[in-house]
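To keep things clear, I will list the structure first and then write my remarks on it.
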Amino acid sequence: MAEVIFSYWAGELVDNRGKGPEERKEPEKLRVPEEYRPGVPIKAFMGWDGLCVRDPAVSVVDMCRAYMEAVQKESCGKCFPCRVGTKVIAETLDRICQGEGRVEDLSLMEGLAQAIRKSAKCNLGQTAPVPLLVALEHFRDEFMEVITKKKAVPKGTYKAKATAPCLNACPSHLNIPTYIECIKEGDFTKSLQVIREGTCLPGTLGRVCVRPCEFNCRRMLLDEAVGIKALKRFVADYEIWKKKKPLLPAPEEKKDKKVGVIGAGPAGLSCAYYLAAKGYRVTIYERLDEPGGMAAVGIPDYRLPRHILRREVDLITSLGVEIRYNVEIGKDVKFSELLEEFDALFIGVGAQDSTPMRVEGEEKGYKGFIPGIKYLFAINKGYDPYPEGKRVAVVGGGNVAMDCVRTSFRIGKEEVNLLYRRTRKEMPADDVEIQEAEEEGVNFTFLCAPTRVIAEGDRVVGVELQRMELGEPDSSGRRRPVPIPGSEFVVETDILIPAIGQRVDLSFIEEKDGVEKSRRSTVVVDEDTFQTSRKGVFSAGDCVTGPDVLVRAAGGGRLAAEMIDLFLRGEEVAPSDDHLMEKVFSAIGVFDPEERVTGVGGRMREKMEVLPPEVRKRSFDEVEKGYRADQAVREASRCLRCYRVGLVAL
Amino acid sequence: MVTLKIDGKEITVPEGSTILEAARANGIHIPTLCYHPRLAPIGSCRICLVEVEGLEGPVASCTTYVQEGMVVRTQSEELLRLRQEALKLILINHPLDCPQCDMAGECQLQNLVFELGLDKQDYSLREAKERGPKDFTNPLIRYWPSRCVLCLRCVRADHEIVGAGAIELEGNGYEARIAVKDEDLCILCGECVRVCPVGALTERTSPVRARPWQREEITTTCPHCSLGCQLRLKVFEGKVIGVGGPEEGLGKGSLCQRGFFGFDFLNHPERIRKPLLRKDGSLVEVEWPEALAVIAANVNRILLDDGPQAVGGILSARLTNEEAYLIGRFMREVVGTSNLDSSARFNLEPYRGALQGGVGRPYLPISLEEVRSCDCLVVVGDLDRDNLIAANLVREALTKKGARLIVAYPRRVHLAEEAECFIGFRPGDELFWINGIARALIEKGKGKDIEGFEELKKAVERYSPDFVEGRTGIPKGIMEEAAQYLAEAERVGFIFTPFLFQQPQGVQNVKGLLNLALLVGATSEGGGGFHLVGPQSNVVGVTEMTLGDGGLSGVEILEAAAEGRVKVLLLWGEELLSTFPGSLAEKALSALDFLVVQDVYLTPSAKKAHLVLPALTPAEKEGSYTNCEGRVQAVRKALEPPEGLMETGVLLREIASYMGKEWEARSSKEVFSEIKGKVAPYAQVDPSEGGFRGSDEPLKAVFQPPEGTDLQEEKGYPYILMIEGLFHNHLLGLGGERRDKGLGAIVPGAYLEMNEEDAKELAVENGDKVKVISPWGEVVVETKVGRDIRKGVLSLFTGLYDVDGCALVGEVDPSSKVPSFAKIPVRVERQ
């Protein structure tokens, strides 16, 4: 564990220079990872709130020079202080490092840095001077030495990247502040182009993404987080409303290599899109008769209209991707055949098996006992799996459970219950879903878990539950439900739907295929390269992580495509610097909920029109109407553009 | 409303105002550089920083919204220091161009340096920026990179106001530059030049330059199209050297390529300075007494021999209200004839007729400004090319209201790119989609309370989506979508151009579109209006000043002349041969006994005249125009006319006196007083205030069901031709003679736009010359092949009358007497 020589971050100063071993402290508020890559240690870090030095060989003066140079490269040029001011500072530091510094340079840079910090238009200019000011304060002697000695300082090795709290939180690392700024400037087409560099499913994500970005949005420290998801949806819809020809990536020259993709869900579709954009020939094998995976057959139309997803899939196939439907790998085609036929493979089968509740009566095949995924599949195909049943009870607390209860009203069920073993606060489902379900009239019963299925003949008539109370937190951080003995009670119902989780079905992979599976029956991959234990076979999405969110699957699919491209070109399959830098930033943490943001708040999010509860619960019409152009522009203007640069010395 | 304190002063402003707007509205000065009232706040200069109590640092007042109880300070030592720092950064490597820079004396950078008391520069950078000037998006604009402060106003104006996207900010950090992304996208509106706060973008229309304190600035109304934007003519040593955009009027400072760049013709030295009389076959200069004697003698002779019906007059639609009124009175009272008309008819008459039937009055008292706040708009025409400011208003509705847009035209115009529905139809098929949408709206329950509902319902019954698609090829889905948007909207506006009615069934087309407007409440209170925008500055005024009592219309006068029934024709500024049906005009002018033409230059009509009288340019007279909304605005004199040229009133007095009749010459102000008394809708108007003429009587609402939409196809003429860009100001250029050396020099020459499939069938390639033949004439023109225009339709853009498009025109709508310029049966031969 390399010791920190100096660290200043989040107001915490740790200066171990000249201190004995007992006096030295480690910073608590700044945790810079040891290594950038295996075998490459991080000697120092400079970022938007300060800096940290671990190796005495690092020249803080040169690091400042490199940092300012990186800032200049990132500066959008749209305001004077950042565009010109950081250039003046960068040039001054460059001169100092070449041995031509002057003593006046220091106070000049200090004054200018203060001015830039106070007057810059966005967070890039506001944060860029901070580490320099820290360095000038605490390493002034080093600066003076370089200046007076008039000797050039050798250039160190650095990696720098601009990030933002939202960008970092996004599993696909979409370039959020830029695409929002395009919307603010009325250039909706360009916004969509920027988005498509990171995902091929903007209309889908704009409706169903769990939006970790919004939970890391600095605007919430002023008033309310920016509606990033809604803005993404707006530009995707705008292209449709105005009948614009989609601007898709122009495929580079066609390459010979062929890639096979298993599963036309978000992971597989994303992987295929980005590979096709690079000119590869891609074939997707899909078990069902339609594309989209869980997004199509799991998410109901009132959240994600089919035509939106279909259109996005059409754009993917327009790049030359072939999708073969009704082909199940393992049954219709063997996995080993694919290994023969294709130069590389991507596994994106998702997690579509329902996790059993492990209660008595579950395996009996009673009429009215329908696992959540199967229930949604049937309804999305257009039929009620059990029309005789009028009362529904769903067990679970995630988005699938929400989809099950809300869909039940829409197919005409009269009474709908949700049974969850913890309280509302711990439910993993999207809060908006829970709220809309409450408005539509779902009965929520908390702190209860099923013990057995109650049947009469071959039909479900009810479910016995035991009351729970919350005990100590479990591995997810939520308080564990503890059964209260003797507290059994019955909820009468015709339909019982377990929706407590999903599992991955990897039975199509045999041992001889050489693809390692984990104990939880997920595909084992390298977390940075997405490559499995078999060279040339990659995987991402739910079948790797277990049931997770769509945006992570889509992001994984795209990153895997980059890795497959490296593999097929015979290059080292290794994550890019951008990827590695974001990992460093994630470890350090980009969003600071305690930060005091200078600005005037009081501008809440634009209200999106929604269908009223009584109208929407009986139809599959889309509930949320989306933003109008003027709403989108106003909402986009609330974005603070929180770019900031982080740099590591290697 | 929100109440806040700025510098101790308590003020109240509407919610949603920025601190800067609040300050400006209350006379509190905050220095700015990148802020511009026509643009959304940019926030690039950081000069407008203010301190807000409770915040740790300053905020930009242009992008910060006011809050109840906010306490703001606009001046402090810290703020001054930050503003000076920003200014120092801008001034790094700024060239010492002030002595020769166009903006000297009105440069915002100069003003800021002066105001903030900056007298030293602490910073420097090694690299100097490229000096310039370089060509920008077109030869008339130059860019000086070294002077550019990258305030970004030009890029924002290009994107926000006109939606062109021709220029962009390129590059990062200090390398960032304003770059031309695609010069073909530039529409020459000059907005970038007008908004530039420094001398980084300059226009070079005039070789003569003058400092702001050396020149005079006169605000007048633009003579080009019927929107009547306000211009600020910059005059130096008797010449107009530039044009500015004052904040009044529809444009609020925005102008189009004609308004901004098309002013050189006002200075042109080639004009007629003395009367020209035809002697022995050629026109020779004579003195005024001789000219006046000749007119009087000839007119009197014909009046004696054949009576007043043998005399006719045709007025230019760019004469002022006062001139038109006086000429009208002269023709009626001194000459005694009611044969008086103008080409204004071709750009107005059917609109008046339709409104008279539909709302009980020949005009609508709804301003075009209402378009801004519509949530659904219907546009029929190419607004960006012909009436840019109207297109800008549409764009405002799109961005500020999220309005839905329906564009209908045979060609995919620029606005269509932002439209939900684009209806690409053939000229002549209007009534199919119009009635199709009417039928859909009636099905959705609209229009039940309006007079004539049952008749309209029956009349449009057969225009089902399938029927319309079958007959016109317009996809039924598009019409259903359009009807849906119209039905849902709260405020609908219609904007169309004369194209709609310059067809044999033109009057029916306008009535049909008006029915749609009535169905969605566009003409009632709170509606977005039913607006006609067109190419000539005073179609409304000239028409309303000369409303006749019988008498022949323009085309009828020519027919009568050709037959020898009209023997004397007085053309007041009208250029007949370029704007009336060609062969008819030729025949008529040749047959006349005595033709008098009054114009600025020797036009083709003038060359055929027996007597040519010099005329004043629009910058040499005082008067007023009435724009398409009915707004009466002042035309002001900016230049002195050459010696000997008379104002119309004086000229008419002289002619009358030589004819032995009494006539009083009065100033334009006095004439306008008379107009107020004699022309009812003008009773309450004062041109210097730009008020609207009109009455307060309530509007009616009556449907006018369509009659007979089945049209015959001309055998042997498989294509439909529409002539576009006609009726622009002929003073810019005529028939290859580009008189205007600014805009006139760069307007492209004539071309025939053709769909690529048609081109393939004709074995024609882009740029080939073809001969276009109609039943009435032919022209040879270069082709432009593309995908924007509907198959089977051809569009002839005549440039600056570079080809004689009117040679192809012959058919006239019998009910309106408007020639069919927009639907001409033609065939095409390769050359």
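The values are calculated or read from the model by the stated rules, or taken from the named source; none is laboratory data. Note that the structure is predicted; figures quoted are calculated from it, not measured. Glycine also receives a Cβ, built like all others from the backbone with ideal geometry; neighbour counts cover every protein chain displayed. Quick note on the areas: whole protein, heavy atoms, side chains included, nothing else; ligands and nucleic acids left out. Shrake-Rupley method; radii C 1.70, N 1.55, O 1.52, S 1.80 Å.
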Inter-centroid distance (Cα atoms) of region B:307-360 relative to region A:14-83, Å = 81 Å
message = Taking 51 Å as R0, compute the FRET efficiency from the Cβ-Cβ separation of B:Glu68 and B:Glu455 and round it to 0.05.
response = 0.35
inquiry  = Quick check: at a probe of 1.4 Å, how many percent of the accessible area of chain B sits on carbon and sulfur atoms?
reply    = 47 percent
inquiry  = What number does chain B give for Rg over Rh if you use C-alpha atoms and the Kirkwood radius?
reply    = 0.99
message = I want to make sure I understand the PRE zone here: with the label point 7 angstrom from the Cα of B:Tyr717 toward its beta carbon, which residues in region B:545-570 have backbone N atoms less than 19 Å away?
response = B:555-556, B:559
ask   = Taking 0.36 nm per residue of separation and subtracting the Cα-Cα distance, what length does fully extending A:Arg596 through A:Lys25 add?
value = 202.9 nm
ask   = Any idea what the relative contact order of chain B is, in percent, if you count C-alpha pairs under 8 Å spaced at least 6 apart?
value = 13 percent
ask   = If you add up the charges near B:Val334, with Lys and Arg at +1 and Asp and Glu at -1, over every other residue whose beta carbon is less than 13 angstrom from its beta carbon, what do you get?
value = 0
ask   = Near B:Ala354, within a Cβ-to-Cβ distance under 12 Å, what is the net charge of the other residues, with Lys and Arg +1 and Asp and Glu -1?
value = +2
task = Check the straight Cα-Cα distances from A:Lys413 and name the aspartates and glutamates below 13 Å, setting aside those fewer than 8 residues away within the same chain.
result = A:Asp384, A:Glu388, A:Glu440, A:Asp494
key: 5 angstrom amide H check on A:Gly501, placed H, neighbours 5+ away   = A:Thr355
key: Centre separation in Å (Cα based) which lies between region A:425-481 and region A:102-175   = 52 Å
note = Too long for a 20 Å Cα-Cα cut-off, among B:Lys88/B:Lys129; B:Lys637/B:Lys669; A:Lys87/B:Lys88; A:Lys118/B:Lys129, are A:Lys118/B:Lys129
note = Phi angles of region B:518-532, converted by Karplus (6.51 cos²θ - 1.76 cosθ + 1.60, θ = phi - 60°) into ³J(HN,Hα) in whole Hz with x for Gly and Pro, give 5, 4, 10, x, 6, 9, 8, 4, x, x, x, x, 9, 10, 9
request  = State the percentage of accessible surface on chain A attributable to carbon and sulfur atoms; use a 1.4 Å probe and exclude ligands, DNA and RNA.
outcome  = 48 percent
Karplus-derived 3J(HN,Hα), 6.51/-1.76/1.60, for each residue of region B:223-228, Hz, glycine and proline x = x, 8, 10, 7, 6, x
inquiry  = For A:Lys257, give me every one of the lysines with a C-alpha distance below 19 angstrom, ignoring sequence neighbours fewer than eight places off in its own chain.
reply    = A:Lys278, A:Lys535
query = How crowded by other chains is B:172-180, given as the mean number of beta carbons from other chains within 10 Å of each beta carbon?
reply = 5
request  = Mind listing the long-range amide H neighbours of A:Arg480? Cut-off is under 5 Å, sequence gap 5 or more, other chains count too, H placed in the peptide plane at 1.01 Å from N.
outcome  = A:Gly471, A:Glu472, A:Asp474
inquiry  = List the residues, sorted by chain then number, that are 5 or more residues from A:Leu51 or on another chain and whose placed amide H is less than 5 Å from its amide H.
reply    = A:Tyr8
ask   = Which shape class applies to region B:81-215: rounded if a/c is under 1.5, otherwise prolate when a/b exceeds b/c and oblate if not, where a ≥ b ≥ c are the square roots of the Cα gyration tensor eigenvalues?
value = oblate
note = Result for chain B: accessible area per residue, probe 1.4 angstrom, in square angstrom, of 37 Å²
request  = Report the one residue of B:Phe499, B:Ala482, B:Val468 whose Cα lies farthest in the direction of the positive end of the charge dipole of region B:464-510 (charges on C-beta: Lys and Arg +1, Asp and Glu -1; origin at the Cα centre).
outcome  = B:Phe499
ask   = With charges only on Cβ, +1 for K and R and -1 for D and E, what is the dipole size of chain B about its Cα centre, in debye, rounded to 20?
value = 760 debye
ask   = Ordered by residue, what ³J(HN,Hα) values in Hz, to whole numbers, does region B:318-330 give under the Karplus form 6.51 cos²θ - 1.76 cosθ + 1.60, where θ = phi - 60° and Gly and Pro are x?
value = 10, 6, 6, 4, 5, 4, 4, 4, 5, 4, x, 5, 4
message = How charged is the neighbourhood of B:Gly529? Take every other residue with its Cβ under 12 Å from the Cβ of B:Gly529, and add Lys/Arg as +1 and Asp/Glu as -1.
response = -2
task = Return, ordered by residue number, the residues of region B:365-406 whose backbone nitrogen is under 16 Å from a label point located 7 Å along Cα→Cβ of B:Lys444.
result = B:375-379, B:403-406
inquiry  = Give me the extension gain from B:Phe114 to B:Ser146: residue separation times 0.36 nm, minus the current Cα-Cα distance, reported in nm with one decimal.
reply    = 9.5 nm
request  = Work out which residues of region B:152-169 lose at minimum 50 square angstrom of accessible surface when the other protein chains are put back, relative to the chain isolated, with a 1.4 angstrom probe, and list them by number.
outcome  = B:Arg156
query = B plus A alone minus the pair: what accessible area, both sides summed, probe 1.4 Å, in Å² to 100?
reply = 4000 Å²
task = Would you kindly calculate the translational diffusion coefficient of the protein assembly as shown, applying Stokes-Einstein with the Kirkwood radius from alpha carbon pairs, for 4 °C and a viscosity of 1.567 mPa s, and quote it in µm² s⁻¹ without decimals?
result = 35 µm²/s
inquiry  = Under 27 Å between alpha carbons, and skipping anything fewer than 8 positions from B:Lys771 in its own chain: which lysines qualify?
reply    = B:Lys587, B:Lys607, B:Lys608, B:Lys715, B:Lys760, B:Lys784, B:Lys791, B:Lys823
query = If you take the beta carbon distance between A:Asp141 and B:Asn26 as r and set R0 to 60 Å, what does 1/(1 + (r/R0)^6) give as a FRET efficiency, to the nearest 0.05?
reply = 0.70
request  = Can you tell me the dipole magnitude for the protein assembly as shown around its Cα centre, using point charges on the Cβ only (Lys, Arg +1; Asp, Glu -1), in Debye to the nearest 20?
outcome  = 1300 debye
request  = Would you mind getting the accessible area per residue of region A:351-461, heavy atoms of the protein chains only, 1.4 Å probe, in Å²?
outcome  = 41 Å²
request  = Please report how far the C-alpha centroid of region B:85-161 lies from that of region B:494-557, rounded to the nearest whole angstrom.
outcome  = 47 Å
query = Hey, with R₀ at 30 Å, roughly what FRET efficiency would B:Asp549 and B:Gln684 work out to, going by the Cβ-Cβ distance, to 0.05?
reply = 0.75
note = Given unit charges at Cβ for Lys, Arg (+) and Asp, Glu (-), the dipole magnitude of region A:354-502 about its Cα centre in debye, nearest 20, is 280 debye
message = Assuming 0.36 nm per residue, please report the length gained on full extension of the stretch A:Val482 to A:Ser619 beyond their Cα-Cα distance.
response = 45.5 nm
ask   = What translational diffusion coefficient, in µm²/s and rounded to a whole number, does the Stokes-Einstein relation yield for region B:719-830 at 10 °C and a viscosity of 1.306 mPa s, taking the hydrodynamic radius as the Kirkwood radius over Cα pairs?
value = 110 µm²/s
